[in-house]
Every structure is written in C-alpha cells, then in structure tokens.
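Each value in this text was obtained by applying a stated rule to the coordinates, not by laboratory testing. If you're wondering where the values come from, they're calculated on a predicted model, not measured in any experiment. All Cβ positions, even for glycine, are placed from backbone atoms using ideal geometry, and neighbour counts span all protein chains on display.
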Amino acid sequence: MKAKKNKKILIFGGSGFLGKTIINMLLKLEFEVLVFTRKKVLKKKSFKYSSKKNIKIISWDPNNVKSIEDEFLGAETTINLCGILYENKRNDFYKVHSDLPSTLAELCAKFNVKNFLHVSALGVSETSKSRYSSSKASGERRLLEIFPKAKIVRPSLIFGDGDNFFGQFSQMASISPVLPLISRSTKFQPVSVEDVAMGIINLINSKGKINSIYEFGGKSIYTFEDLLKMLLDVKKIRRILLPLNSKLMKIPALFLQQLPKPPFTVDQMILLENDNILKNNLPGLGDLGIEPKGLEEELIKIYFGLGKINFTDDILEELGISEDMRIEKPGKIEDYEKRDAIVAKALKVVKERKKEEVAAFRKMAQEMRDNNKDLNIDIVD
C-alpha cells in the first residue's frame, strides 16, 4: 500500500514510542506526514525517522489549537496519539485525554478531513475510579459525538524496543536484586508496537466495520507475574520478585507521585486492580489482516536481536543491508525478518575478515623475519 499523490496525514503525539513507529511506516509508504509536538519536547528530543522526505515537524501549543488550523486544509487523515501516564501541574488527564481529542474532532469536521483515528486504551470506563481510565472514556464519547465516523483504537499493554513497561523493569533489574510484583494475578494481553502501528495504518484505507471502536491485543494472556518472569528468563538473570498489594501500595504511591517522573502513582495502582485483556468481542487486528506477534520471540529480538548488534558500514553493504533498514545508530537494523540468518552471515563475514587480518599479519611477520634475520619475531594466532 503506497500513498496516492503523497496523501497528507497529521499526527499529534508523534514524538512518543508508538508515534515514531507509525511515522516511519508512513514515510516508507510515501505519505506526506506533519508531526505536531510541543516546543519543549521539540528542543529536547532529536527526531530521527527513516526518511527526511515528506515530513514536517511543527511546534505547537495545545492551548492554542487555532494557530494550526490552516494545516488541516487538504489533510486526508488525522491521528491522535496524545496521552499521559500521570498528571502534574502542566498536564491534566481530562485536558489531554478528553478536551484535546474533542478539539481535534471539531477541526476535522470543520475542514472535511476524511479520517480521524484516535488511540485510547483497553478497558477504559467513565465510571472508573481511575482518572486515566475515565478521562480516556470521556474523550472517546465526546469525539464520536462530534465526528461519528472516527475510528478508535484501544490497545492493551504495548511492547517493543523502548516501551515503558519492559524497558522500565529491565532497567530496574539491572541495578536492583529485587523487583516489585504489584497485583501479581492481574492479566494483560501485550501487543507489539509494530502490530498496533500497522493496524492503525490499515485503518486509514479501510472502509471500516459497523463499529467505530477496535481493540488490539496480542496472541496470549499473561499475569503480571508471568511477564516479569518471562523478562528475567529472556535476559538470563535471577531476581527476587517481591509480591505487593496494589491497595496497600497506594500509600507510598501518594508520596512518590509528587516526583517529576514518579515510578508509580495512586491512579496506576487503581488500574492494576482490573485485567487488561480483550473481552468485548470488538473488531481487532485479525479483522485488519494482522497476525499478532508472539511476546517471548519479540522480547528475545529486543534484548538479544540484530538491533542490538552494531556492524561497520562496509560489512552492512557487503551483506546487502540498505539504508532504509537502519534506524538511528549506524548499523542498527529495524527489519527483523530473517534476523537469525543475517546475524549468522554477518558474524561469518567478521570471522573471515579476522582470519584474513591474521593471515596478513603472519605474512608480514614472516617477511620481516626473512629480511631481518637478527630480529626475534614470534608469529601469533
């Protein structure tokens, strides 16, 4: 699927984990992408995408949406990925999850934008005691009232290279002998960031189902304990899992949430009291022609895959690995297909080159010894 005449797509929240994956896919499909981000984020983060063509990064103030109205002219699709995991003085759940989607829906309606895709979360409810959940549900309801043909995506826990969940616990495991096991029996249905991104892209050209809401989940269901044990198994390390009750954890969370980047909050403890799995029988990845990736296989790729092995540019060229397969760091490979075969081939090349270097050194040493009989030169392997 390639874009016809560089169709214009507006993305809000594109500097995040999911946003970068979606944008790279869209650029490869030759869409014209406009990424809207806040000024402070723009200054602090470097935006490195698979292509510098057909992309424009626009600094904007969420409190002054009118300043970007002109950008909606001629746009075919708007994708809203804006979301926060905790509140602070600058960010409020209802402003980000409910007010902003409503405003974007109004702009889409005003400028006759064909598609409006909004990413929410699995299991949201306006009656939830969690402000994260209730604000997300409020945003869904309000935007559908304004833009009825909008499509809403509710993913379960999203995993991938750089995700919040496995990334955070992986870092914690590297420095601590103990990992907190909060609500050990709470269930999740983790879904790959690549699957979520592809699902969203497929929805752009999809004529859609009767439903406006899609729920994305992975192949299997795991408890919180299962996920931590799998992570430790993949990383081949041992750590103590300390069971903690989410209700009791609300007390320390009350103080920890005052930190600039809290490890967990009271609201998150409330969320952990409920399972995060598919159960509403709504359309999902399968309806969009996507077979979800397996969690364990993908974790192995993330922590021990080709993406973590760097090779010099000349070796990559010899292997036939093109520029569009590399991301951010030279030699880091994004396309995981045939990963094992490429790694084996790359290592073989490296080994052969080492043999050539050793042989060249042996030859040079032999020549030096022949030319300088008095020198005592040892030939080493």
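Checked against a 22 Å cut-off, the cross-linked pairs K89/K187; K129/K250; K235/K279; K7/K28; K219/K250; K129/K187 give Cα-Cα distances beyond that limit for K89/K187; K235/K279; K219/K250.
Given +1 at the Cβ of Lys and Arg, -1 at the Cβ of Asp and Glu and no other charges, the dipole of the stretch 203-302 around its Cα centre is 280 debye to the nearest 20. Our Cα-only numbers for the stretch 103-200 put the radius of gyration and Dmax at 17.1, 55 Å. Given 10 °C and 1.306 mPa s, how large is the Stokes-Einstein diffusion coefficient of the stretch 8-304 in µm²/s, with Rh as the Kirkwood radius over Cα pairs? Result for D is 80 µm²/s. Ranked by how many other Cβ atoms sit within 10 Å of their own Cβ, fewest first, the residues K261, K114 fall in the order K261, K114. Mean sequence separation of contacting Cα pairs (under 8 Å, at least six apart), scaled by the length of the stretch 8-304, corresponds to a relative contact order of 17 percent. Highest-first packing order for the peptide set 132-141, 22-31 is 132-141, 22-31, based on the mean count of other beta carbon atoms within 10 Å.
Expressed in Å, the radius of gyration and Dmax of the Cα atoms of the stretch 58-142 are 13.3, 40. Counting other Cβ atoms within 10 Å as a rough exposure proxy, the listed residues V33, V119 run V119, V33 from fewest neighbours to most.
On full extension, the segment bounded by Q258 and F111 gains 48.8 nm, given 0.36 nm per residue less the C-alpha separation. A straight chain from E69 to N205 at 0.36 nm per residue would run longer than the Cα-Cα distance by 46.6 nm. Full extension of the segment from W60 to K187, taken as 0.36 nm per residue of separation minus the current Cα-Cα distance, would add 42.0 nm.
Each of D163, D233 was scored by other Cβ atoms within 10 Å of its Cβ. Arranged with the fewest first, they read D233, D163.
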